[in-house]
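Undergrad: Dropping the structure in here first, questions after.
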Amino acid sequence: MRKVAVHALIALATGGVMFTPVLCRAYELDPQLDCKSNAHDYISQLLNSQYIEPNPMRVEANSINAFRPIRGSNLTAFGFRVYAVLGYEHDDAIFRKGSGEPISDSAYGVVVNGPAETVESRVREAGSGAIVKQVVPLLITAILCDGR
């Protein structure tokens with residue numbers, strides 16, 4: 001009986017080790033933030049892979065939809081943890097329209113935890129033309145690909 005328990009524990013430990021990298025590894029959004037895509041493709045890929053919640057947690061007046069990452073998805077952008085994923089595309093059922101004038105026909109990006117200067121430096125080093133805007137001083141920064 002004890003031998004069976006030991007083998008069961010070994011099997012569980014081995015199985016756990018096999019799945020740990022998948023569960024703990026960060027999913028980097030850097031390649032998608034090269035600003036060569038559109039909001040529909042960017043957001044639908046994240047929805048289909050179940051990295052973000054299907055309904056936006058907030059819709060800004062300019063129609064930018066903010067989607068919450070699914071717990072445990074561990075999204076990163078340029079080395080920073082992603083707080084929210086942003087997107088809007090005109091006449092696309094994925095997105096809700098805000099009360100004001102839309103920011104553009106298509107815009108997408110992220111909100112990260114990090115100071116704007118450091119975030120902008122990493123974005124430029126990666127060759128991205130994304131707009132980097134401080135949201136909360138020293139804490140929260142938006143990275144946005146606008147237009148296309």
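Undergrad: Quick one: would you say Val135 is at pLDDT below 95, out of contact with any Cys (no Cβ under 9 Å at 6 or more places or on another chain), more than 20 Å from Lys36 (Cα to Cα) and not acidic (Asp, Glu)?
TA: So Val135 passes the test.
Undergrad: Name the residue that is surrounded by the most Cβ atoms within 10 Å (Cβ to Cβ), counting only residues in segment 78-97 that are of a type in the set (A, V, I, L, M, F, W, C) and either more than 18 Å from Val136 (Cα to Cα) or in contact with an Asp or Glu (Cβ under 6 Å, 6 or more places away or on another chain) (or both).
TA: By that ranking, first place goes to Phe78.
Undergrad: Tell me which residues, restricted to segment 138-148, are in a loop (DSSP other than H, G, I, E, B) and either surrounded by 14 or more Cβ atoms within 10 Å (Cβ to Cβ) or at pLDDT 95 or above (or both).
TA: Arg148
Undergrad: Is it fair to say Ile70 is at pLDDT 95 or above, of a type in the set (Val, Ile, Thr) and buried (at least 17 other Cβ atoms within 10 Å of the Cβ)?
TA: Details: at pLDDT 95 or above: yes; of a type in the set (Val, Ile, Thr): yes; buried (at least 17 other Cβ atoms within 10 Å of the Cβ): no.
In short, no.
Undergrad: Now, a different point. State which residue is surrounded by the fewest Cβ atoms within 10 Å (Cβ to Cβ) when the search covers only segment 102-122 and only residues that are in contact (Cβ under 8 Å) with a residue 40 or more places away in the chain and over 20 Å from Ile43 (Cα atoms).
TA: Ranking the candidates gives Arg122 first.
Undergrad: Restricting the search to segment 72-103, which residues are within 23 Å of Val119 (Cα to Cα) and part of a loop (DSSP other than H, G, I, E, B)?
TA: Matches in segment 72-103: Gly72, Ser73, Asn74, Phe78, Gly79, Ile103.
Undergrad: Additional query: Considering only residues that are assigned to a loop (DSSP other than H, G, I, E, B) and surrounded by 15 or more Cβ atoms within 10 Å (Cβ to Cβ), which ones fall in segment 41-61?
TA: Selection gives Tyr51, Glu53, Pro56, Glu60.
The values are calculated or read from the model by the stated rules, or taken from the named source; none is laboratory data. Remember, it's a predicted structure, so these values are computed and weren't measured experimentally. Virtual Cβ from ideal backbone geometry, glycine too; neighbours counted across all protein chains shown.
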